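Every number in this text was worked out from the coordinates using simple rules, so none of it is lab data. Note that the structure is a prediction, hence the values are computed from the model and not measured. Because the Cβ atoms are built from the backbone with ideal geometry, glycine has one as well, and the counts that use them run over all protein chains shown.
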Amino acid sequence: MKKLSILVFTAVFLVLWACVASAGPKLPDPQTSGGMGLFDAFKLRQSAPGGDFPKGELSAQELSNVLWAMSGLNRGETGWTVPMSKGLPPYVRVYAATKDGVFLYEWDTHSLEDISDKDIRADIGAQRFVADASCILILVPDTDALAEFDEATGLEFAAVAVGMMTQDAYLACAAMNLGARYIHSMRENAIASALSIAEGNRPICVFMLGK
Ligand SMILES: Cc1cc2nc3c(=O)[nH]c(=O)nc-3n(C[C@H](O)[C@H](O)[C@H](O)COP(=O)(O)O)c2cc1C
C-alpha cells in the first residue's frame, strides 16, 4: 500500500513537473479595449527601417497584444481576430523567437509553449539586420489543419491568412508605438530545422518586433 502511494505521488509529481516544464513565459491577458483609434493607427502603420531597427524588448503585455491581434480568440471558443476559411481554427502557426528561446503561440489558451531554449534569431533572416529584433515572429502554415484542401488551395489560404495576421500585427504595433517589419527573405531550412517542423510546413514569412 505504501509502495502504491509512493508510485502515485511520483506519477502525479512527474505529470505536474512536465506541465510546468513545457509552459513558456507567461502571457498576460491581451488588451481588448481602449488604446489608439483604428483610423489613427492606419495613419501610423509603417515598417521600421531594417538597417536601424529598434532593438528594445517588448513587455509581456505588448507581446500578448500583438499575438492576440494576429490570431487570438475574440468571440467565445470559435471566433478569431482574423477570418479563416470555413471558420476553421487558425491554420497558420505563430512562433516567437527571442533571446530566451523559441515559443509557439497557443491561441486557445492564449499562452506560449516552449519549443527550444536556443536563441535562433541570428539564423532566421537572409538579411543580417533581422537578428537585431528583440522578438521575431515566424509564421508557418499547419498542413494538417489544411488537409481538407488540395495543396495549392491550402497554400493560397495560408498566404491570405498571413496577410491578414501581419496587417493586424502592423496595426497593433502602430497603436502601441512598436517597431515592426514584414520579412520574406529568410533562411527557410535553418528555421525548419530549429523548429523541427515537418516537411511541407515551410514558413511563409517572419515578422520583426522591437521598440
Ligand atoms: C510580401 C512582402 C515581403 C517583404 N519582404 C521583405 C524582406 O525580405 N526584407 C525587408 O527588409 N523588407 C521586406 N518587406 C517590407 C517592405 O519592404 C516594406 O513593407 C515596404 O518597403 C513598404 O514600406 P511600409 O511597410 O513602411 O509601407 C516585405 C513586405 C512585404 C509585404
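Side notes on the structure shown:
- Selected from SER111, SER64, SER33 as most flexible by GNM, with the chain as the system and alpha-carbon contacts under 10 Å: SER33
- Fewest-first sequence of HIS184, HIS110 by Cβ atoms within 10 Å of each Cβ: HIS184, HIS110
- Residues whose amide H comes within less than 5 Å of that of ILE115, counting only those at least five positions distant or on another chain, are VAL102, PHE103, LEU104 (H built at 1.01 Å from N in the peptide plane).
- Over the chain, Cα pairs under 8 Å with separation of 6+ residues give a relative contact order of 26 percent.
- Cut-off 14 Å between beta-carbons: net charge of the residues surrounding ASP114, Lys and Arg +1, Asp and Glu -1: -3
- The range 29-37 - phi-based ³J(HN,Hα) in whole Hz, Karplus 6.51/-1.76/1.60, Gly and Pro as x: 4, x, 6, 10, 7, x, x, 5, x
- Summary of packing: across the peptides 168-175, 185-192, the per-residue average of other C-beta atoms within 10 Å ranks them, highest first, as 168-175, 185-192.
- Couplings 3J(HN,Hα) for the range 108-113, derived from phi with the Karplus relation 6.51 cos²θ - 1.76 cosθ + 1.60 (θ = phi - 60°), are 5, 10, 6, 9, 10, 9 Hz, where x marks Gly and Pro.
- For ASP150, ASP132, the sequence from fewest to most other C-beta atoms within 10 Å is ASP150, ASP132.
- Summed residue charge, Cβ within 13 Å of GLU188's Cβ, Lys/Arg positive, Asp/Glu negative: 0
- Built from the Cα atoms of the chain, the convex hull projects on average onto 14.2 nm², one quarter of its surface area.
- Computed about its Cα centre, the charge dipole of the chain is approximately 500 debye, with only Lys, Arg, Asp and Glu carrying charge at their Cβ.
- Peptides 118-130, 87-99 ranked from most to least packed give 87-99, 118-130, packing being the mean of other C-beta atoms within 10 angstrom over each peptide's residues.
- Summing charges over neighbours of LEU58, with a neighbour being any other residue whose Cβ is under 15 Å away from its Cβ, gives +2 when K and R count +1 and D and E count -1.
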